[in-house]
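Report on the structure given below.
The values are calculated or read from the model by the stated rules, or taken from the named source; none is laboratory data. Remember, predicted model here, so these are calculated numbers, not experimental data. Methodologically, a virtual Cβ is constructed for each residue, glycine included, from the backbone with ideal geometry; neighbour enumeration extends over all protein chains shown. To get the accessible areas, we keep the full protein, side chains included, count just its heavy atoms, and leave off ligands, DNA and RNA. Shrake-Rupley method; radii C 1.70, N 1.55, O 1.52, S 1.80 Å.
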Amino acid sequence: MCGIVGYVGKKEAVSKLVKGLKTLEYRGYDSAGIALLQSEKIVVVKDKGRIANLEKSLDYNNLKGTIGIAHTRWATHGVPSKENAHPHMDQNKHFAVVHNGIIENYLELKNQLIKEGFSFQSETDTEVIPVLMEYYYQKYQDVMQAFQCTLKDLRGSYAILVISPLLPNTILVAKKGSPLVIGKGNDGIYIASDIPAIIEYTKDFYFLEDGESAIISDSLTFYNHDFQKIDKNSKTIEWEIDAIDKNGFDDYMLKEIHEQPEALKNTLNGIISFNQPVQFVGFALNKSYLENLKHIYIVACGTAMHAGLVGKLAIEKLCRIPVTVEVASEFRYRDPIIDQSTLCIFISQSGETADTIAALKLAHEKGAKTIAISNVFESSITREADHTLYTHAGPEIAVASTKAYISQVGLIVAFAIYMSEVLEISVSLSNELKKGLIDLPNLMGIVISHEDQYKKIAKKLVNETDLFYIGRGNDYHIAMEGSLKLKEISYIHSEAYPAGELKHGPIALIDKGTFVFGIITDPNIAEKTLSNLEEVKSRGANIILITNQNLKVEHVINIPNINPIISPILAIIPLQFIAYFIAKEKGLDVDKPRNLAKSVTVE
Ligand code: M6R
């Protein structure tokens, strides 16, 4: 939520900042702005709306300067407006600040500053930062002291960049609970909320820990929580620039759907090979630990939680250990029963989801072992967890998660197989699933190749206002994910229901012509779901069935047969495409749906 970018170097900053913002736009897109240091003055340009809108008001010929900061906003405090857009400044224009996070005590600070005679222009929490810096600067006449005193006063989460004519050639940086990376390129130093925004310029990144800060000029100086100088080593990230291009696709979402076979292959590379035990480099659990395990929690939000539901089925089937899947925002506030015999797994594509991180901290406090599954190297969740298993889906830019989901499902099933092998149980099922995971990228290619069929179906659904998705077991989990995809990008209301639960209420909503997606990939419960589909059909519903079974229904999308534990990886693909094509038909911005942001760093 909110993206920030900064540059200090030898080249003109504006175009670099705008380019970085465009890559970060998935983090928020209701207003945007930049600030440059120009002839010892701060110049700010900002506006409501998307970055394309900001770009229109940028006069590149006059916006000269090699130091700048920029921001794309997802509103938390104050409506989307020019006044509330970042960067924010103090009234003497000594400090310009961009901020990602929430300053929890901003009202208290604001009231104190107003009493001291300072004034505010916006409704944001962020504006207290430059004003507080100015307050301390007036007191101590020292910018660094002002910066440090300000940081000490802030409660909440932040990644902050500050420029000031009082400290030319410099950006001040601080991080606590919000993501921030610093990259050293050939022509300068780049700072951003995440790696893709600056991968074009460098592969060497520095990661600040919470509470750390830095002074960035032509060199880098890092400080710990107590403002003592510290050394930091850079880490090399081997992502290619291609990974953040649309590569000829109309939208990132479409590109990412197509990248799914590769994402799964990369995620499982080195982990799964047939006739070999599953292995994770640098990570192992021993048999007695697993034998004494009483309970596993899988905690996540949104699509990542749906991947967790598939993981639950796999772990329970293979390892016979009870698993509870919980939404992180509920888990963290309900005093869950956790102790040393509990394993807690946290799934987060971004690794920055505030509720998931808070849930992880809670599990730690209560003594559980914690494992993170994340797609982003060195993200906050990976630094909090005892162990991290990475999905290697590559950067996922569309707000609607696709390739991250199938990679999470693949990885958690691999983890379930791993545990069953350590426990020495479920050998033949483990082998079948290993073979299935190896075969899946090819089978996914087959499902993807029927894109035109999904487009035709989507055209029929464009004017619908309510859709239903039903299934049992993992098919219900696919239904949930399919329904979420539709809602978030097409704005069509939809419900996902366990097929057997329909007649306990929701069937009342089925009317003549209502479209119902049925998902049947488990032969053991195929007939049961089919009967439920007959029930809605006899009430006038139109059925669209996604199945790997030989079933006769008017509209069928056939997918290859595979063990139902991993069938979500195939069955979700037509539903992703259908949601995508409906949104396109409606002329919507598929990659940046309204009200959403890719990374939900506020609770
Ligand atoms: O980065 P995370 O995996 O923690 O994000 C969790 C959810 O916010 C995310 O999956 C969200 O539901 C997606 N927009 C769904 O497509």
Checklist entry - How many residues does segment 306-333 hold that are more than 16 Å from the ligand (Cβ to nearest atom), assigned to a loop (DSSP other than H, G, I, E, B) and open to solvent by 40 Å² or more (accessible area, probe 1.4 Å)? => result 3
Item to check | Scope segment 102-112; condition touching a Ser or Thr at 6+ places or on another chain (Cβ under 9 Å) and either open to solvent by less than 10 Å² (accessible area, probe 1.4 Å) or of a type in the set (D, E, K, R) (or both); matching residues | outcome: ILE103, GLU104
Item to check | Hits in segment 570-585 (condition: open to solvent by less than 10 Å² (accessible area, probe 1.4 Å), more than 20 Å from the chain's Cα centre (by Cα) and farther than 17 Å from VAL399 by Cβ) | outcome: LEU570, ALA571, PRO574, ILE578
Next on the checklist: Can you tell me which condition SER428 does not meet? The list is (1) surrounded by fewer than 19 Cβ atoms within 10 Å (Cβ to Cβ); (2) in the same structural domain as ASN266 (by TED's automatic domain parsing); (3) in contact (Cβ under 8 Å) with a residue 60 or more places away in the chain, and all the others hold.
Outcome noted: (3)
Checklist entry - What about GLU262, is it open to solvent by 50 Å² or more (accessible area, probe 1.4 Å), modelled with pLDDT of 95 or more and away from the ligand (no atom under 16 Å from the Cβ)? => result yes
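Matching residues to (1) β-branched (Val, Ile, Thr); (2) assigned to a strand (DSSP E or B); (3) touching a Ser or Thr at 6+ places or on another chain (Cβ under 8 Å); (4) crowded, with 24+ Cβ neighbours inside 10 Å:
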| residue | (1), (2), (3), (4) |
| --- | --- |
| PRO130 | no, no, no, yes |
| LEU151 | no, no, yes, no |
| PRO168 | no, no, no, no |
| LYS176 | no, yes, yes, no |
Checklist outcome for this item: Taking segment 263-305 and keeping residues over 21 Å from LYS434 (Cα atoms) and part of a helix (DSSP H, G or I) leaves SER288, TYR289, GLU291, GLY302, THR303, ALA304, MET305
Checklist entry - In segment 79-108, what residues are touching a residue at least 40 places away in the same chain (Cβ under 8 Å) and of a type in the set (A, V, I, L, M)? => result VAL79, ALA85, MET89, ALA96, VAL97, VAL98, ILE102, ILE103
Checklist outcome for this item: Restricted to segment 443-482 and to residues being in a helix (DSSP H, G or I) and among the hydroxyl-bearing types (Ser, Thr, Tyr), the residue least open to solvent (accessible area, probe 1.4 Å) is TYR454
Item to check | Checking THR402 against (1) at pLDDT 95 or above; (2) within 12 Å of the ligand (Cβ to nearest atom); (3) touching a Ser or Thr at 6+ places or on another chain (Cβ under 8 Å), the condition it does not meet | outcome: (3)
Item to check | Qualifying residue in segment 189-199 (condition: open to solvent by 30 Å² or more (accessible area, probe 1.4 Å) and not in a strand (DSSP E or B)) | outcome: no
Next on the checklist: Any residue at all in segment 377-386 that's among the hydrophobic types (A, V, I, L, M, F, W, C), at pLDDT below 95 and either within 16 Å of the ligand (Cβ to nearest atom) or open to solvent by 40 Å² or more (accessible area, probe 1.4 Å) (or both)?
Outcome noted: yes
Next on the checklist: Scan segment 336-353 and tell me whether some residue there is in a helix (DSSP H, G or I), in the same structural domain as PRO322 (by TED's automatic domain parsing) and within 14 Å of the ligand (Cβ to nearest atom).
Outcome noted: no
Checklist entry - Filter segment 9-19 for residues that are open to solvent by 10 Å² or more (accessible area, probe 1.4 Å) and not small (Gly, Ala, Ser); which is farthest from LEU220 (Cα to Cα)? => result LYS19
Checklist entry - Hey, does segment 488-510 have a residue that's within 25 Å of ALA307 (Cβ to Cβ), assigned to a loop (DSSP other than H, G, I, E, B) and at pLDDT 95 or above? => result yes
